[in-house]
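**Student:** Sharing a structure below in structure tokens format, with a few things to ask.
The values are calculated or read from the model by the stated rules, or taken from the named source; none is laboratory data. Since this is a predicted model, take the numbers as computed values, not measurements. Note: ideal-geometry Cβ built from the backbone for every residue, glycine included; neighbour counts use all protein chains shown. Remember, those area values only see protein heavy atoms, side chains included, never the ligands or the DNA or RNA. Shrake-Rupley method; radii C 1.70, N 1.55, O 1.52, S 1.80 Å.
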Amino acid sequence: SQKIEQNSEALNIQEGKTATLTCNYTNYSPAYLQWYRQDPGRGPVFLLLIRENEKEKRKERLKVTFDTTLKQSLFHITASQPADSATYLCALDNQAGTALIFGKGTTLSVSS
Amino acid sequence: ETGVTQTPRHLVMGMTNKKSLKCEQHLGHNAMYWYKQSAKKPLELMFVYSLEERVENNSVPSRFSPECPNSSHLFLHLHTLQPEDSALYLCASSQNHGSQNGYTFGSGTRLTVV
């Protein structure tokens, strides 16, 4: 069955540095991959979507890469700020193509 | 507000109670979803509706019963729940079902079963 792994449960970095989060998947070749941010007690918020034929996508300080050979996506936040502290979720389509399935998430803490 | 509204925000219910969770969106989306989020676990897909038709029931126990009366509203009817059903229940919507569009989530209903 499909599996999504976000390797780090927690990541702590200093303000101003670049945070890099990893998402690996197995037993599937998704057409799309998405990243979300979730704050405690709230629903996830959509950040970026990348298609299988796109290598990289950017939005302001965010950058996502999608390597279908390695079955991996990297999510980068440059010039990180304490306000970026949250849990970041990787998601891809289920095998039926009807909905997203999610990884457990990586909790990022940015200290000033 | 994200455009997807869930009520109530918090719910405490006994194992013999019957209650309903409500989700509403006025984004013009055609697909709506229920997810369950428990501590230390990834979001679990429960149900998918597209144009008011259920397209996926992800092996969810019958004590959870969804209803989609129109494309703007989604309900989750609960009865004879177990303590392990305590979790954050999230509703989401998207333009079409699947993954080619981002999802808009509500803030969730925090359910505690006592």
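**Student:** Hey, can you grab everything whose amide H is under 5 Å from the amide H of A:E5? Only 5+ residues off in sequence or another chain; H modelled, so Pro and N-termini drop out.
**Tutor:** Hits under the 5 Å cutoff: A:N24, A:Y25.
**Student:** Per residue of region B:75-86, what does 6.51 cos²θ - 1.76 cosθ + 1.60 with θ = phi - 60° give for ³J(HN,Hα)? Whole Hz please, x for Gly and Pro, Karplus curve as stated.
**Tutor:** Result, ordered by residue: 10, 10, 8, 10, 8, 6, 6, 10, x, 6, 7, 4 Hz.
**Student:** Given N residues in chain B, what is Rg(Cα) / (2.2 N^0.38 Å)? It would help to have the intermediate numbers written out before the result.
**Tutor:** On the way: Rg = 13.2 Å, N = 114, 2.2 N^0.38 = 13.3 Å.
Ratio of Rg to 2.2 N^0.38 Å for chain B: 0.99.
**Student:** Using a 1.4 Å probe over the heavy atoms of the protein chains, calculate the carbon and sulfur portion of the accessible area of chain B as a whole percent.
**Tutor:** Details: 2470 of 5170 Å².
Looking at chain B in its full context, I get 48 percent from C and S.
**Student:** A further question on this structure: Once both labels are modelled 7 Å past Cα along the beta-carbon direction, what's the A:S85-A:S109 spacing in nm?
**Tutor:** Going by the 7 Å Cα→Cβ label model, 0.8 nm.
**Student:** Would you be so kind as to list the residues of region B:1-45 that have their accessible area lowered by at least 20 Å² in the full protein complex compared with their chain by itself (1.4 Å probe)?
**Tutor:** Correct list: B:R9, B:Y35, B:Q37, B:K40, B:P42, B:L43, B:L45.
**Student:** How many Å² of accessible area per residue for the protein assembly as shown, probe 1.4 Å? Mind showing how you got there, number by number?
**Tutor:** Numbers: 10670 Å² over 226 residues.
For the protein assembly as shown, the solvent-accessible area averages 47 Å² per residue.
**Student:** Tell me, what HN-Hα J-couplings in whole Hz come from the Karplus equation 6.51 cos²θ - 1.76 cosθ + 1.60 at θ = phi - 60° for each residue of region A:94-110, using x for Gly and Pro?
**Tutor:** 6, 5, 6, x, 9, 6, 8, 10, 10, x, 5, x, 10, 8, 9, 10, 10
**Student:** From Cα pairs below 8 angstrom and at least 6 apart in sequence, can you work out the relative contact order of chain A, rounded to a whole percent?
**Tutor:** Numbers: 271 pairs, mean separation 39.8, N = 112.
Value for chain A: 36 percent.
**Student:** Could you list, in their original order, any pairs among A:K57/B:K22; A:K3/B:K19; A:K3/B:K40 whose Cα atoms are separated by more than 27 Å? Provide the component values of the computation, followed by the final result.
**Tutor:** Details: A:K57/B:K22 35 Å; A:K3/B:K19 33 Å; A:K3/B:K40 16 Å.
Flagged as over cut-off: A:K57/B:K22; A:K3/B:K19.
**Student:** In addition: Please flag any cysteine in the protein assembly as shown that has no other cysteine's Cβ under 4.7 angstrom from its own Cβ.
**Tutor:** Lone cysteines by the Cβ rule: B:C68.
**Student:** Okay, moving on. Of all the C-alpha pairs in the protein assembly as shown, what % are more than 30 Å from each other? Before the final figure, lay out each step's value.
**Tutor:** Numbers: 6065 of 25425 pairs.
Here the tail beyond 30 Å accounts for 24 percent of pairs.
**Student:** What's the percent breakdown of Cα-Cα distances in chain A across 5 Å bins, shortest bin first?
**Tutor:** For chain A, the pair-distance distribution reads 2, 13, 24, 25, 20, 10, 5, 1, 0.
**Student:** On the accessible surface of region A:11-112, probed at 1.4 Å, how many percent belong to carbon and sulfur atoms?
**Tutor:** Answer for region A:11-112: carbon and sulfur cover 48 percent of the accessible area.
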